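The block underneath contains the structure these notes are about, expressed in structure tokens.
Computed from the coordinates by the stated procedures, all read-outs in this text should not be read as laboratory data. Keep in mind it's a predicted model, so treat the numbers as computed, not measured. Methodologically, a virtual Cβ is constructed for each residue, glycine included, from the backbone with ideal geometry; neighbour enumeration extends over all protein chains shown.
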Amino acid sequence: MEKGQEIAPSNGDKDHEQHTIDVGHGEGKVMDVEEVEKDQRVAVAEEVQKKKSRRVAALDAFRGLTIVLMILVDDAGGAYERIDHSPWNGCTLADFVMPFFLFIVGVAIAFALKRVPKIGAAVKKIVVRTLKMLFWGLLLQGGYSHAPDDLSYGVDMKKIRWCGILQAFTRKVRPTTVRSGPYAIFNAYRWQWLGGLVAFIIYMVTTFSLYVPDWSFVYHNDGDVNDGKQFMVQCGVRGHLGQACNAVGYVDRQVWGINHLYTQPVWIRSKECTFSSPNTGPLRADAASWCLAPFEPEGLLSSISSILSGTIGIHYGHVLIHFKTHKERLKHWLLMGFMLLALGILLHFTHAIPINKQLYSFSYVCFTAGAAGIVLSAFYIVIDVWGLRTPFLFLEWIGMNAMLVFVLGAQGILAAFVNGWYYESPDDTLSTGY
């Protein structure tokens, strides 16, 4: 039969129906129709309940690890700048956070679409979640909240930051069966990969063909010696991947406006800006004119490229759904993970396309997605295959409450709450001691 060649259908009801028919005819007995239908309804209800309660512990632990990593680099990145975002080319610990999240979101989307049988309901669910993420992104990262350093709030609409990591998480027809064969899983979801290919083409063509003209900006920083000065940046090039004249920054300046971009880009730690690179230090006397310019690391063009991270994550989720044995899943995951990792490293060290988080370059997508696939596989082996779940329960809990922990921890809400309790003077808070 053709169905015998299919790899683990995701439609549990069909499997159960086939099982009940075999049992009914095996003994040659005639059973009451109502009794059979009742037994089938009970069995299906139990199966649905079982599926609803089942969670992939490895995915929760991976999400929890990523949240912990985010809080670590946010809080410790200022003191240990080696783990903070790379000033430009290269990849540090902090640079894994965003692609890991997008990868995890992709895996979760695959499960969400599996649980929601009607595509209309699935789209509604995704739209509602998207609006929630946009709201929290604008509130927490658009500049409205000044926590934890300042207990005030509010943002100038002329300077609100429209883009951010939460907003980037929102840019994201499944078959019920997958035939056998090494490329069957790719063919079954070819429309998904076609969408990723379109995003890849848009990003690459724009990045390497768009003409970037000269541009200028006015630096604003109260008390700084350069406050109010206008700087001119000379470009007039195409396909440039440096800090000043790349197409990613040019698109954001044209679409969002220069006043709505991130005003503290990490490139100020570049060797062109300070002799203390990669650490923060005083500006060089001959620092490049763009060193004080704003730049949006989660902008429009980089967000288009980040779709690929989510697409790869969705693919890993489909493998988890359709492949029913640990060996099949791990073989596919690890092979793809190491291939992506190797491709990213090759593109970087041949200087074809450097690994760059600020540009969300293709080599960066490959390198970080490959790393994410390997980390997920490692968690899956330890937790779901070997059964060593207890040591990772804390990470699982964080992963199951990711938004709550993110808002309280990574965005300084908890720290702001602690700093809000003081005695006589706002400088004497619970965190500083009376």
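Quick rundown of the values:
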quantity: If the convex hull is drawn through the Cα atoms of segment 324-382, its volume per residue in Å³; calculated: 69 Å³
quantity: Mean Cβ count within 10 Å, highest first, over the residues of peptides 375-382, 330-337; calculated: 375-382, 330-337
quantity: log10 of Debye I(q)/I(0), alpha-carbon scatterers only, for segment 272-398 at 0.12 Å⁻¹; calculated: -0.65
quantity: Out-of-range pairs (alpha-carbon distance over 28 Å; input K324/K357; K124/K331; K114/K331); calculated: K324/K357; K124/K331
quantity: Taking only Cα atoms of segment 171-322, radius of gyration then Dmax in Å; calculated: 20.6, 67
quantity: Segment 290-353 shape via C-alpha gyration tensor axes, a/c threshold 1.5; calculated: oblate
quantity: Among 356-363, 224-231, 341-348, 390-397, the order from most to least packed when residues are scored by Cβ within 10 Å on average; calculated: 356-363, 341-348, 390-397, 224-231
quantity: Cα-based radius of gyration of segment 247-313 once divided by 2.2 N^0.38 Å, which approximates compact folds; calculated: 1.31
